[in-house]
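The values are calculated or read from the model by the stated rules, or taken from the named source; none is laboratory data. Note that this is a predicted model, so its numbers are computed, not measured. Don't worry about glycine lacking a Cβ; one is built from the backbone with ideal geometry, like all the others, and counts go over all protein chains shown.
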Amino acid sequence: MGFKLFLLFEKFLMILPKNARKDFFIFLAKIAYFISGRYRKVGFINLDFIFGDTLTQKEKEEIVRYSFKNLLLNFLHLMEIRHMSKDELAKKVSVKNIESVQRAHAQQKAVIYVTSHYCAWELGGTAIGAFAEPIAAVYKKMKNIQYQNWVLESRSHFKNSSLEKSNVIKPLIRLIKDGKASGILIDTGINQREGVEVQFLGKSVRQTSTPAYLARKYSAAIIPVIIQTDDEENYTLTFFDEIPVENSDNEQEDIQKATQLQADWLSKVIKENPKFWFWSHRRFKSDHKEIYLKS
(Lines give C-alpha, C1' and ligand atoms only; values in the text may rest on other atoms or scores of the structure.)
Protein backbone atom coordinates (compact mmCIF):
# COMPACT_ATOMS: atom_id res chain seq x y z
CA MET A 1 0.00 0.00 0.00
CA GLY A 2 2.82 2.39 0.93
CA PHE A 3 4.62 1.89 -2.37
CA LYS A 4 1.41 2.51 -4.34
CA LEU A 5 1.06 5.82 -2.54
CA PHE A 6 4.64 6.62 -3.47
CA LEU A 7 3.88 5.96 -7.14
CA LEU A 8 0.81 8.22 -6.95
CA PHE A 9 2.93 10.91 -5.33
CA GLU A 10 5.48 10.52 -8.13
CA LYS A 11 2.77 11.13 -10.73
CA PHE A 12 1.68 14.24 -8.85
CA LEU A 13 5.23 15.57 -8.64
CA MET A 14 5.84 15.01 -12.34
CA ILE A 15 2.80 17.17 -13.12
CA LEU A 16 4.37 20.09 -11.30
CA PRO A 17 6.63 22.58 -13.10
CA LYS A 18 10.29 21.52 -13.04
CA ASN A 19 11.36 24.33 -10.70
CA ALA A 20 8.58 23.60 -8.23
CA ARG A 21 9.57 19.94 -8.19
CA LYS A 22 13.20 20.83 -7.55
CA ASP A 23 12.27 23.30 -4.80
CA PHE A 24 10.27 20.57 -3.08
CA PHE A 25 13.25 18.21 -2.97
CA ILE A 26 15.57 20.97 -1.77
CA PHE A 27 13.08 21.66 1.03
CA LEU A 28 13.12 17.95 1.93
CA ALA A 29 16.92 18.08 2.05
CA LYS A 30 16.83 20.95 4.55
CA ILE A 31 14.49 18.98 6.77
CA ALA A 32 16.64 15.86 6.45
CA TYR A 33 19.72 17.80 7.52
CA PHE A 34 18.08 18.85 10.78
CA ILE A 35 16.35 15.56 11.68
CA SER A 36 19.08 13.12 10.55
CA GLY A 37 21.50 13.77 13.37
CA ARG A 38 23.38 10.51 12.83
CA TYR A 39 24.19 11.09 9.17
CA ARG A 40 24.87 14.77 9.76
CA LYS A 41 27.42 13.78 12.40
CA VAL A 42 29.03 11.22 10.06
CA GLY A 43 29.55 13.98 7.51
CA PHE A 44 31.38 16.17 10.02
CA ILE A 45 33.44 13.20 11.26
CA ASN A 46 34.58 12.40 7.73
CA LEU A 47 35.48 16.02 6.98
CA ASP A 48 37.40 16.35 10.26
CA PHE A 49 39.20 13.09 9.49
CA ILE A 50 40.27 14.16 5.99
CA PHE A 51 40.72 17.92 6.25
CA GLY A 52 41.27 18.58 9.95
CA ASP A 53 41.60 22.33 10.53
CA THR A 54 42.34 23.15 6.88
CA LEU A 55 38.61 23.79 6.44
CA THR A 56 36.65 26.08 8.74
CA GLN A 57 33.62 24.82 10.63
CA LYS A 58 31.46 26.99 8.39
CA GLU A 59 32.94 25.39 5.27
CA LYS A 60 32.35 21.92 6.70
CA GLU A 61 28.75 22.79 7.54
CA GLU A 62 28.15 24.01 3.98
CA ILE A 63 29.58 20.75 2.58
CA VAL A 64 27.49 18.53 4.87
CA ARG A 65 24.35 20.50 4.06
CA TYR A 66 25.10 20.07 0.38
CA SER A 67 25.54 16.31 0.85
CA PHE A 68 21.90 16.11 1.93
CA LYS A 69 20.82 18.38 -0.91
CA ASN A 70 22.80 16.41 -3.45
CA LEU A 71 21.33 13.10 -2.26
CA LEU A 72 17.80 14.41 -2.70
CA LEU A 73 18.64 15.85 -6.12
CA ASN A 74 19.89 12.41 -7.14
CA PHE A 75 16.55 10.98 -6.06
CA LEU A 76 14.83 13.66 -8.14
CA HIS A 77 16.97 12.68 -11.13
CA LEU A 78 15.92 9.05 -10.72
CA MET A 79 12.32 10.16 -10.88
CA GLU A 80 12.79 12.47 -13.87
CA ILE A 81 14.92 10.05 -15.89
CA ARG A 82 11.97 7.67 -16.08
CA HIS A 83 10.08 10.30 -18.08
CA MET A 84 12.98 11.77 -20.07
CA SER A 85 13.77 11.43 -23.77
CA LYS A 86 17.31 11.24 -25.11
CA ASP A 87 16.95 14.71 -26.64
CA GLU A 88 15.91 16.11 -23.27
CA LEU A 89 18.88 14.40 -21.62
CA ALA A 90 21.21 15.86 -24.27
CA LYS A 91 19.98 19.36 -23.44
CA LYS A 92 20.84 18.75 -19.80
CA VAL A 93 24.15 16.88 -20.10
CA SER A 94 27.15 17.70 -22.29
CA VAL A 95 29.96 15.20 -22.84
CA LYS A 96 33.69 15.85 -22.56
CA ASN A 97 36.60 13.68 -23.78
CA ILE A 98 34.50 10.92 -25.38
CA GLU A 99 37.69 10.32 -27.38
CA SER A 100 39.00 8.33 -24.43
CA VAL A 101 36.22 5.79 -24.96
CA GLN A 102 36.69 5.81 -28.71
CA ARG A 103 40.39 5.00 -28.36
CA ALA A 104 39.58 1.99 -26.19
CA HIS A 105 36.99 0.77 -28.70
CA ALA A 106 39.47 1.25 -31.56
CA GLN A 107 41.75 -1.19 -29.72
CA GLN A 108 38.79 -3.56 -29.38
CA LYS A 109 38.82 -3.28 -25.60
CA ALA A 110 35.77 -3.69 -23.41
CA VAL A 111 35.46 -0.73 -21.04
CA ILE A 112 35.17 -0.80 -17.26
CA TYR A 113 33.90 2.61 -16.16
CA VAL A 114 34.96 3.51 -12.63
CA THR A 115 33.07 6.25 -10.84
CA SER A 116 31.89 7.51 -7.47
CA HIS A 117 29.04 8.88 -5.36
CA TYR A 118 29.95 12.31 -6.65
CA CYS A 119 27.59 15.06 -7.80
CA ALA A 120 24.71 13.73 -9.96
CA TRP A 121 25.81 10.09 -10.08
CA GLU A 122 22.38 8.81 -11.16
CA LEU A 123 22.30 11.26 -14.06
CA GLY A 124 25.90 10.38 -14.85
CA GLY A 125 25.27 6.65 -15.14
CA THR A 126 22.29 7.29 -17.35
CA ALA A 127 24.31 9.65 -19.57
CA ILE A 128 27.04 7.03 -20.06
CA GLY A 129 24.43 4.61 -21.36
CA ALA A 130 22.82 7.21 -23.59
CA PHE A 131 25.90 8.90 -25.08
CA ALA A 132 28.77 6.39 -24.86
CA GLU A 133 27.45 2.83 -24.59
CA PRO A 134 25.07 0.84 -22.39
CA ILE A 135 26.65 -0.31 -19.15
CA ALA A 136 25.90 -2.99 -16.60
CA ALA A 137 26.29 -1.22 -13.27
CA VAL A 138 27.13 -3.10 -10.10
CA TYR A 139 24.76 -2.33 -7.21
CA LYS A 140 24.21 -3.45 -3.63
CA LYS A 141 20.94 -5.21 -2.90
CA MET A 142 18.39 -3.00 -1.14
CA LYS A 143 16.12 -3.98 1.73
CA ASN A 144 12.96 -2.75 0.03
CA ILE A 145 12.54 -4.84 -3.12
CA GLN A 146 9.75 -2.70 -4.56
CA TYR A 147 11.84 0.44 -4.26
CA GLN A 148 14.86 -1.42 -5.63
CA ASN A 149 12.86 -2.43 -8.72
CA TRP A 150 11.77 1.18 -9.16
CA VAL A 151 15.38 2.38 -8.97
CA LEU A 152 16.69 -0.29 -11.36
CA GLU A 153 13.89 0.43 -13.81
CA SER A 154 14.88 4.09 -13.86
CA ARG A 155 18.53 3.21 -14.37
CA SER A 156 17.65 0.98 -17.31
CA HIS A 157 15.70 3.70 -19.14
CA PHE A 158 18.52 4.25 -21.64
CA LYS A 159 19.42 0.56 -22.08
CA ASN A 160 21.66 0.24 -19.03
CA SER A 161 21.38 -2.90 -16.90
CA SER A 162 22.30 -3.81 -13.34
CA LEU A 163 24.32 -6.54 -11.63
CA GLU A 164 23.82 -7.35 -7.95
CA LYS A 165 27.11 -7.10 -6.05
CA SER A 166 27.23 -10.62 -4.60
CA ASN A 167 28.84 -13.16 -6.95
CA VAL A 168 29.32 -10.52 -9.63
CA ILE A 169 32.73 -11.54 -11.00
CA LYS A 170 31.52 -14.20 -13.46
CA PRO A 171 28.86 -11.91 -15.02
CA LEU A 172 31.48 -9.16 -15.35
CA ILE A 173 33.86 -11.56 -17.08
CA ARG A 174 31.14 -12.55 -19.55
CA LEU A 175 30.48 -8.90 -20.33
CA ILE A 176 34.15 -8.23 -21.04
CA LYS A 177 34.46 -11.30 -23.25
CA ASP A 178 31.41 -10.08 -25.19
CA GLY A 179 32.98 -6.63 -25.58
CA LYS A 180 30.37 -4.95 -23.37
CA ALA A 181 30.80 -2.27 -20.73
CA SER A 182 30.36 -2.29 -16.97
CA GLY A 183 30.27 0.39 -14.29
CA ILE A 184 31.81 0.05 -10.83
CA LEU A 185 31.72 2.46 -7.88
CA ILE A 186 35.11 2.62 -6.21
CA ASP A 187 34.26 4.76 -3.16
CA THR A 188 32.20 2.31 -1.13
CA GLY A 189 33.44 0.80 2.10
CA ILE A 190 34.47 -2.84 1.80
CA ASN A 191 35.51 -5.61 4.15
CA GLN A 192 39.17 -5.68 5.17
CA ARG A 193 39.50 -9.10 3.54
CA GLU A 194 38.44 -7.66 0.20
CA GLY A 195 40.27 -5.40 -2.20
CA VAL A 196 43.72 -3.94 -1.68
CA GLU A 197 45.11 -1.24 0.57
CA VAL A 198 45.51 2.18 -1.05
CA GLN A 199 46.00 5.78 -0.04
CA PHE A 200 42.67 7.59 -0.57
CA LEU A 201 42.32 11.23 0.44
CA GLY A 202 45.53 10.81 2.39
CA LYS A 203 44.27 7.85 4.42
CA SER A 204 45.01 4.14 4.20
CA VAL A 205 41.84 2.27 3.18
CA ARG A 206 40.73 -0.86 1.37
CA GLN A 207 39.43 -0.33 -2.16
CA THR A 208 37.92 -2.80 -4.58
CA SER A 209 40.53 -4.38 -6.83
CA THR A 210 37.92 -5.77 -9.23
CA PRO A 211 38.48 -3.21 -12.06
CA ALA A 212 42.25 -3.72 -12.01
CA TYR A 213 41.99 -7.51 -11.78
CA LEU A 214 39.55 -7.74 -14.70
CA ALA A 215 41.38 -5.19 -16.85
CA ARG A 216 44.69 -6.99 -16.40
CA LYS A 217 43.39 -10.50 -16.96
CA TYR A 218 41.07 -9.77 -19.89
CA SER A 219 42.75 -6.72 -21.51
CA ALA A 220 39.89 -4.35 -20.71
CA ALA A 221 40.19 -0.57 -20.41
CA ILE A 222 39.62 1.20 -17.09
CA ILE A 223 38.14 4.63 -17.83
CA PRO A 224 37.25 6.96 -14.93
CA VAL A 225 34.17 9.10 -15.42
CA ILE A 226 32.53 11.82 -13.38
CA ILE A 227 29.67 14.29 -13.77
CA GLN A 228 29.77 17.88 -12.52
CA THR A 229 27.66 21.03 -12.56
CA ASP A 230 27.93 24.74 -11.85
CA ASP A 231 24.21 25.49 -11.59
CA GLU A 232 22.40 22.17 -10.94
CA GLU A 233 20.67 22.56 -14.29
CA ASN A 234 23.44 21.96 -16.81
CA TYR A 235 25.85 19.07 -16.29
CA THR A 236 29.11 17.93 -17.86
CA LEU A 237 29.97 14.24 -18.10
CA THR A 238 33.75 13.91 -18.28
CA PHE A 239 35.57 10.78 -19.41
CA PHE A 240 39.18 10.69 -18.23
CA ASP A 241 42.04 8.99 -20.01
CA GLU A 242 42.41 5.24 -19.58
CA ILE A 243 44.20 4.14 -16.42
CA PRO A 244 47.14 1.92 -17.39
CA VAL A 245 47.31 -1.61 -16.01
CA GLU A 246 50.65 -3.36 -16.19
CA ASN A 247 50.90 -7.06 -16.98
CA SER A 248 54.18 -8.14 -15.46
CA ASP A 249 55.18 -11.33 -13.70
CA ASN A 250 53.91 -9.84 -10.43
CA GLU A 251 50.10 -9.87 -10.65
CA GLN A 252 49.56 -8.57 -7.13
CA GLU A 253 51.82 -5.59 -7.69
CA ASP A 254 50.18 -4.78 -11.05
CA ILE A 255 46.73 -4.79 -9.45
CA GLN A 256 47.96 -2.72 -6.52
CA LYS A 257 49.41 -0.03 -8.81
CA ALA A 258 46.30 0.23 -10.99
CA THR A 259 44.00 0.39 -7.97
CA GLN A 260 46.13 3.12 -6.41
CA LEU A 261 45.93 5.12 -9.65
CA GLN A 262 42.13 4.95 -9.41
CA ALA A 263 42.28 6.17 -5.80
CA ASP A 264 44.63 8.99 -6.85
CA TRP A 265 42.23 10.06 -9.59
CA LEU A 266 39.22 10.16 -7.26
CA SER A 267 41.17 11.87 -4.45
CA LYS A 268 42.14 14.65 -6.86
CA VAL A 269 38.54 15.07 -8.07
CA ILE A 270 37.18 15.28 -4.52
CA LYS A 271 39.85 17.65 -3.21
CA GLU A 272 39.31 20.02 -6.14
CA ASN A 273 35.63 20.37 -5.21
CA PRO A 274 34.78 18.45 -2.02
CA LYS A 275 31.15 19.52 -1.71
CA PHE A 276 30.02 17.13 -4.46
CA TRP A 277 31.16 13.94 -2.75
CA PHE A 278 28.66 12.18 -0.50
CA TRP A 279 30.32 12.73 2.89
CA SER A 280 27.49 11.37 5.02
CA HIS A 281 28.32 7.69 4.57
CA ARG A 282 30.83 5.67 6.59
CA ARG A 283 33.42 5.22 3.87
CA PHE A 284 36.23 4.63 6.37
CA LYS A 285 34.47 2.28 8.80
CA SER A 286 36.37 -0.89 7.82
CA ASP A 287 39.83 0.59 8.26
CA HIS A 288 39.23 3.38 10.77
CA LYS A 289 36.14 2.33 12.70
CA GLU A 290 37.31 4.24 15.77
CA ILE A 291 36.34 7.58 14.23
CA TYR A 292 32.67 6.54 14.17
CA LEU A 293 32.40 5.15 17.70
CA LYS A 294 30.34 8.10 18.95
CA SER A 295 28.25 8.56 15.81
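Restricted to segment 42-140, the set of helices (runs of 4 or more DSSP H) holding at least 3 residues that are more than 26 Å from residue 264 (Cα to Cα) and within 17 Å of the chain's Cα centre (by Cα) comprises 57-81.
Residue 184 meets the conditions (1) surrounded by 22 or more Cβ atoms within 10 Å (Cβ to Cβ); (2) out of contact with any Gly (no Cβ under 8 Å at 6 or more places or on another chain); (3) over 26 Å from residue 272 (Cα atoms); (4) not small (Gly, Ala, Ser) in every case but one. The failed one is (3).
Out of the residues in segment 240-280 that are basic (Lys, Arg) and free of Cβ contacts under 8 Å to residues at least 60 places away in the same chain, which is farthest from residue 96 (Cα to Cα)? Taking the candidates together, the pick is 257.
Suppose we keep only residues that are touching a Phe, Trp or Tyr at 6+ places or on another chain (Cβ under 7 Å) and of a type in the set (Gly, Ala, Ser) within segment 1-38. Which one would you say is nearest to residue 80 (Cα to Cα)? Once the filter is applied, the top-ranked residue is 29. Here residue 158 fits the description: over 17 Å from residue 107 (Cβ atoms), of a type in the set (Phe, Trp, Tyr) and in contact (Cβ under 8 Å) with a residue 60 or more places away in the chain.
For residue 268, are the conditions met, namely being in a helix (DSSP H, G or I), modelled with pLDDT of 95 or more, closer than 30 Å to residue 26 by Cβ and not hydrophobic (A, V, I, L, M, F, W, C)? Here the answer is yes, as residue 268 does meet what is asked. Under 18 Å from the mean Cα position of the chain (by Cα), surrounded by fewer than 21 Cβ atoms within 10 Å (Cβ to Cβ), among the acidic types (Asp, Glu) and not in a strand (DSSP E or B), is that true of residue 253? No: the conditions fail for residue 253. Mind checking whether some residue in segment 105-122 is within 20 Å of residue 159 (Cα to Cα), without any contact (Cβ under 8 Å) to a residue 60 or more places away in the chain and polar (S, T, N, Q)? Within segment 105-122, none of the residues are within 20 Å of residue 159 (Cα to Cα), without any contact (Cβ under 8 Å) to a residue 60 or more places away in the chain and polar (S, T, N, Q).
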